[in-house]
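Please treat every number below as a calculation from the coordinates, not as lab data. Note that this is a predicted model, so its numbers are computed, not measured. Neighbour counts are summed over all protein chains in view; Cβ atoms, including those assigned to glycine, are modelled from backbone coordinates with ideal geometry.
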Amino acid sequence: MVLYLASKFYTHSMIFFIGFIILPYFSFGDFAYLFPRAVFLSGVAAVLYTWHDFRKRSLWALFDNLRYPKFLLLTGMFLSLQLIPIIVNLLL
């Protein structure tokens, strides 16, 4: 079930990332400036949307027997997503 949560979270974050990077890029453009902000905003939006989506479809009941709480799982995925701009910045 954790893999399903992770796949949904990262899918949602990719969709939000495309929205947060493409729309502002066409208006005022610097990709290096927009990339970290788009990753952060897409992570926040993905956490909120994934939480809402799982709540709407009543899937959180399947996660009640896990060792870690749901909020901690989503926070860990959000923080792992925030490593992407740091790694990209170090490589460039």
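Fewest-first ordering of 58, 13, 42 by other beta carbons within 10 Å of each residue's beta carbon gives 58, 42, 13. In this label model, residue 52 and residue 3 are separated by 2.9 nm, measuring between points 7 Å along each Cα→Cβ vector. Potential lengthening of the chain between residue 63 and residue 91 amounts to 6.4 nm, from the contour at 0.36 nm per residue minus the alpha-carbon distance.
Ordered by the number of other Cβ atoms lying within 10 Å of each residue's own Cβ, fewest first, 52, 12 fall into the sequence 52, 12.
Taking every DSSP helix (H) stretch of at least 4 residues in the chain, weighting each as -39,500 (n - 2.57) and dividing the sum by the residue count yields a mean residue ellipticity at 222 nm of -27500 deg cm²/dmol.
For the pair residue 26 and residue 84, label points projected 7 Å from Cα toward Cβ lie 2.1 nm apart.
Each Lys or Arg adds one and each Asp or Glu subtracts one; over the other residues with Cβ under 13 Å from the Cβ of residue 51, this totals +4.
Here 27, 7 are placed in order of increasing Cβ neighbour count within 10 Å, fewest first, which gives 27, 7. Charging the Cβ of each Asp and Glu at -1 and of each Lys and Arg at +1, and nothing else, the dipole of the chain about its Cα centre rounds to 300 debye. The local environment of residue 63, defined by Cβ-Cβ distances under 15 Å, has a net charge of +4 under the rule Lys, Arg +1 and Asp, Glu -1. Helices of the chain meeting both criteria, an alpha-carbon length of 18 angstrom or more along the long axis and an average Kyte-Doolittle score not below -1.0, with helices taken as full DSSP H segments, are 2-28, 31-56. For the chain, with a Gaussian network of springs between Cα atoms less than 10 Å apart, report the residue from 79, 62, 41 with the top mean-square fluctuation. Residue with maximal mean-square fluctuation among 79, 62, 41: 62.
Summing +1 for each Lys or Arg and -1 for each Asp or Glu, what net charge is found among the other residues whose Cβ lies under 14 Å from the Cβ of residue 76? Taking every other residue near residue 76 into account, the sum is +2.
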